[in-house]
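Chemist: Take this structure first; my questions come after.
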Amino acid sequence: MTRKYDLERGGRVAAAEKSRPEQAAWALVWFICGIAWLASVGIDISLFRGYFSASGFHLASDLTCFRDNGAWLGRHVAAAAQGAAQSCTYKYPPPFLFLAAPLSWFTPEQDFFVWNAVAVTVLVLAARVVRIPWRAVLLGILAPPTLLCLSFGESGIILSGLLLLALGLADTAPLAAGIAAGAMIVKPQLGLLLPVCYGASRNGRAFLAAAVTVGALCLLAEIMFGTGVWVDYFHQGLAATHATLAAPWPQRDQHIMVTPYIFLHSLGIKFGMASAAQFAVTLLAAVAVWRLWRGPATASRLAETLCLAALATPFACLYDLSALAVVLAVEGGTALAWFWIFSGLYFFVSVFSISPGALCLALLLWILWRRPAAI
C-alpha cells in the first residue's frame, strides 16, 4: 500500500515538474500580451488627446464626416456647414445615415461620447444575446481593436455587434439573425460571407429576412434622403474607397487595414494584381465557410467564420475586429494570446514596415483549426 502511494505521489510530482517549463512559457506569453496592450493603449490615448486644441474639441475625421453628412441631409444646418458636409466624401451606403444623422443634433463632445456609448452597448447586448460570458465580453471591450475603434470614433464596434447576431443566432433565431445581417448594409463589406453561411446551412428564413431588411433600409433611405444620395454614393463614395485602396503605400488609412489586398499592396504589388489575389482569397474564404456551415456546428466555427470574414474583404481595418476579440476571449489559449499580441503591436509594425494583417489572421485561422485547449 505504501509503495503504491509513493508511486502515485512520485507521478504527481513528475507531472508538476514537467509542467513548470510550460507554465513559464505561458507566463512569458501573457507578459508580451500585456506589453502589446499597453503599447496600443498609448496610441489610443495619443489619438484622443489630439482631438483637443485651443479652439475646442474636434471630432475624429470619420466621425466628423458622419456628422456633417447627416446634418447636410437633415437640412437643419447653416449654409457653411452644408458646404463642409458636401466636401466630406461619404464612403458608406445611404442607410448608414440612419446612424449618422442623429449626431448632427449634438455638440462634437456629445457626439463622441454618445456614439461610443451606443457602440459599446450594441456590442455588449449582442454578445449577451448569443450567450457569451461576461468575462469574455469584458475582455473583448478591452481588446486593442475595440479600444482603437473607440479612440477613432469609428463604426466597427456597431458592425461587430450586428455580425455577432447574424452568425450567433443563425441556428436558434434565424429571423433575428437575418434582420441583423440585413442591417449590415450600412457597411456591407464585413458581411460578404453571410449569404454563403445561410446558403450552406440551408437557412432560408435567415436569408429571406436579410434580403427583406436590405430592401427596406435602402427604400427608406431613398424616401428620407432622396435619390441624389444614392447617385453621390455610387459616383463619389465608391470612387473615394477605390482611391484609398489604390493610393501609393503608405497612406494614413492604409496603416490600419488587415486584408490580403493591403498586404500585397504594401509589398509594392500593383492594384490589378493585388486585387486579383484578393479575389482569389475571397473565393477560398467562401469555400472554407461553405464547408464550415454545411456540416454540424463546431465549438470554434464562429471564431473561424469571423476570421475568414476579415480575410474575404479588401476593405477591413483593425478596429473592425471587435466581434473576433469577444469570441476569442471565449476560446482562450494560443488563439487569444496571438490575437492580443498582433492587434496590440500591429499599428507600430504597419507604420514602420509592411502591413502583415492578412498573415496574422491566416496564422490565427491555422491556430483555430488546430483547436488547442484553452488555458
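Chemist: Quick check: the distance between the Cα centres of segment 287-309 and segment 311-328, to the nearest angstrom?
Modeler: 15
Chemist: Suppose every Lys and Arg Cβ carries +1 and every Asp and Glu Cβ carries -1, with no other charges. What dipole size does the chain come out with about its Cα centre, to the nearest 20 debye?
Modeler: Computed charge dipole of the chain: roughly 1160 debye.
Chemist: Between helix 2-49 and the chain, what is the angle of the helix's C-alpha long axis to the longest principal axis, kept within 0 to 90° and rounded to the nearest 10?
Modeler: Once rounded, the angle reads 20 degrees.
Chemist: Please name whichever of Leu47, Leu28, Phe152 sits farthest to the positive end of the charge dipole of the chain, dipole taken about the Cα centre and charges placed at Cβ: Lys and Arg +1, Asp and Glu -1.
Modeler: Going by the Cα projections, it comes out as Leu28.
Chemist: Can you give the relative contact order of segment 180-299 as a percent, counting alpha carbon pairs under 8 Å and 6+ residues apart?
Modeler: 31
Chemist: First measure r as the distance between the Cβ atoms of Leu267 and Val41, then evaluate 1/(1 + (r/R0)^6) with R0 = 45 Å and state the FRET efficiency to the nearest 0.05.
Modeler: Step by step, r from the Cβ atoms, then E = 0.95.
Chemist: Between Leu125 and Phe106, what length comes free when the chain is fully extended (0.36 nm per residue of separation minus the Cα-Cα distance, one decimal in nm)?
Modeler: Details: separation 19, 0.36 × 19 = 6.84 nm, distance 2.44 nm.
Working it through step by step, the gained length comes to 4.4 nm.
Chemist: Please give the Cα centre distance for segment 98-152 versus segment 21-64, rounded to the nearest Å.
Modeler: 16
Chemist: Helix 61-74 versus the longest principal axis of the chain: what angle, 0 to 90°, nearest 10, using Cα atoms?
Modeler: Value to nearest ten degrees: 40.
Chemist: What number results when the radius of gyration of segment 201-268, computed over Cα atoms, is divided by 2.2 N^0.38 Å?
Modeler: 1.60
Chemist: Based on Cα positions only, what radius of gyration and what Dmax would you give for segment 24-68, in angstroms?
Modeler: Radius of gyration, then largest Cα-Cα span, for segment 24-68: 16.7, 52 Å.
Chemist: Based on the Kirkwood radius over alpha-carbon pairs, what is the Stokes-Einstein translational diffusion coefficient of segment 121-274 at 4 °C with 1.567 mPa s viscosity, in µm²/s?
Modeler: Stokes-Einstein gives a translational diffusion coefficient of 74 µm²/s.
Chemist: A follow-up question, please. Can you check how the C-alpha radius of gyration of segment 282-375 compares to 2.2 N^0.38 Å, as a plain ratio?
Modeler: Compared with the compact-globule rule of thumb, segment 282-375 sits at 1.06.
Chemist: State the three equivalent ellipsoid semi-axes of segment 21-370, derived from the C-alpha gyration tensor as the square roots of 5 times its eigenvalues, in descending order and whole Å.
Modeler: Working: eigenvalues 181, 126, 84 Å².
Equivalent ellipsoid semi-axes, largest first: 30, 25, 21 Å.
Chemist: Could I ask something else about it? Please name which of Ala173, Ser350, Leu267 has its Cα lying farthest along the dipole of segment 21-370 towards the positive end, using unit charges on Cβ (Lys, Arg +1; Asp, Glu -1) and the Cα centre as origin.
Modeler: So the residue furthest toward the plus end is Ala173.
Chemist: Taking 22 Å as R0, compute the FRET efficiency from the Cβ-Cβ separation of Leu238 and Val118 and round it to 0.05.
Modeler: E between Leu238 and Val118, to the nearest 0.05, is 0.25.
Chemist: Please work out the FRET efficiency for the pair Cys218 and Thr298, using the Cβ-Cβ distance as r and a Förster radius of 35 Å; give the result to the nearest 0.05.
Modeler: 0.50
Chemist: I'd like the orientation of helix 271-294 relative to the chain: the angle between its Cα long axis and the longest Cα principal axis, in ° from 0 to 90, rounded to 10.
Modeler: 60
Taken together, the values in this text are just the output of simple stated rules run on the coordinates, not laboratory data. Keep in mind the model is a prediction, meaning the values are calculated, not measured. Virtual Cβ from ideal backbone geometry, glycine too; neighbours counted across all protein chains shown.
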